[in-house]
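Chemist: Handing you a structure now.
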Amino acid sequence: MESPGLPPETLEGWYALHQLYTIDRQALRALTPDALRDVRCATADSLTKLTQFDSEGWSAVVSLIGSTADVLLMHFRQTLDDLGQVQRDVAQLPMMEYLRPSMYFLSVTELGLYQLAAHGQDDPQHEVRLRAERESPNTRRRLYPRIPADMPYVSFYPMSKRRDTGQNWYTLPLQERSKLMHSHGLTGRRYAGRVMQIITGAIGLDRWEWGVTLFARDPVDFKKLVTEMRFDEASAKYAEFGDFYVGKLVAPETWLEGVSSNG
């Protein structure tokens, strides 16, 4: 019998930082109209530069709705050092004087290669399969994701796997976990074209173990997808979820105009 507790192989891509803030509206209201305009304009210029897309990563602004935070800043970069520079750049934004950190989540885009476990630990074609997986276009899309042009709604949440007595994900044999994750993945595939997801691994980087960032045209699809996935055994028995943060992608100047008008 296969010994339990073996980790799956993984592939990693861009480092990711999710920054959640609440707005100090009382402090904003204390500004004169001219001072508020100066803060908004200076922040818009700098934040717009950060959100320009290129092959080395991207950032985005999500105006949150019905969440415990007001705004989500998402950043994806090639290296941890690059991400550190983005964090320093954000800290210098004039608007940061009026934002209060709610949560930071550090992780890296990840693809768990559970399907390789189905071939066993002594698979003679293991290296061939691993190389094919690493070079596939689907893997590239998952490790170096782009913002979908026609999916403006965003849902972000952290999650971990349970380690309770009788429900310990990490003591299950690797092939059993592989079967559970295969079933879990089939649910997600039914939403292809309706929901795009970015999975980031955070073990060793954050108290939560993974982050899930979803994009959709219709935010109701978040509810439908997550509901279906919770009936999969991988989630029903072994998943722990953090808070969900839902909102809409906006241009920096659009977000800042909304902040100013509601300040």
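The values are calculated or read from the model by the stated rules, or taken from the named source; none is laboratory data. Quick caveat: nothing in here was measured; it's all calculated off a predicted structure. Heads up, the Cβs are rebuilt from the backbone with ideal geometry, glycines too, and the neighbour counts pull from every protein chain shown. Heads up: the accessible areas ignore ligands, DNA and RNA and are worked out on the full protein's heavy atoms, side chains in. Shrake-Rupley method; radii C 1.70, N 1.55, O 1.52, S 1.80 Å.
Chemist: At 7 Å along the Cα-to-beta-carbon direction for both Ser183 and Arg100, put a label point, then send me their distance in nm to one decimal.
Modeler: If labels sit at Ser183 and Arg100, their model points lie 4.4 nm apart.
Chemist: Not counting ligands, DNA or RNA, and with a 1.4 Å probe, what is Thr32's accessible surface area in Å² rounded to the nearest 10?
Modeler: Surface accessible to solvent at Thr32 totals approximately 80 Å².
Chemist: OK, next. With springs only between Cα atoms under 10 Å apart, run a GNM on the chain and tell me which of Ala44, Ala30, Ala251 wobbles the most.
Modeler: Its mean-square fluctuation being the largest, the pick is Ala30.
Chemist: Put Arg162, Arg194 in order of accessible area, largest first, 1.4 Å probe: what do you get?
Modeler: Working: Arg162 50, Arg194 95 Å².
Sorted by accessible area, descending: Arg194, Arg162.
Chemist: Once ligands and nucleic acids are excluded and a 1.4 Å probe is used, how much of Asp221 is accessible, expressed in Å² to the nearest 10?
Modeler: 20
Chemist: How much accessible surface area, in Å² rounded to 10, belongs to the heavy atoms of Phe241 with a 1.4 Å probe?
Modeler: The accessible area of Phe241 comes to roughly 60 Å².
Chemist: Sticking with this one: Which pairs break 22 Å Cα to Cα here: Lys179/Lys223; Lys224/Lys248; Lys161/Lys248?
Modeler: Over 22 Å apart, Cα to Cα: Lys179/Lys223; Lys161/Lys248.
Chemist: Under a 1.4 angstrom probe, counting protein chains only, how are Asp218, Asp123 ranked by accessible area, largest first?
Modeler: Order by accessible area, largest first: Asp218, Asp123.
Chemist: Can you give me the accessible area per residue for the chain, using a 1.4 Å probe, in Å²? Don't skip to the end; give the middle numbers.
Modeler: On the way: 13610 Å² over 263 residues.
In whole numbers, the chain has 52 Å² accessible per residue.
Chemist: Give me the percent of accessible area attributable to carbon and sulfur for the stretch 8-128, probe 1.4 angstrom. Mind dumping the intermediate values first?
Modeler: On the way: 2860 of 5980 Å².
Carbon and sulfur together cover 48 percent of it.
Chemist: Leaving ligands, DNA and RNA out of it, report the carbon-plus-sulfur percent of the accessible area of the stretch 130-197 at a 1.4 Å probe. Walk me through the numbers before you get to the answer.
Modeler: On the way: 1930 of 3850 Å².
Carbon with sulfur: 50 percent of the solvent-accessible area.
Chemist: While we're looking at this one, here's another question. Return the FRET efficiency for the residue pair Leu130, Ile203: r is the Cβ-Cβ distance, R0 is 25 Å, and the value is rounded to the nearest 0.05. It would help to have the intermediate numbers written out before the result.
Modeler: Details: r = 20 Å, r/R0 = 0.82.
My answer for the efficiency is 0.75.
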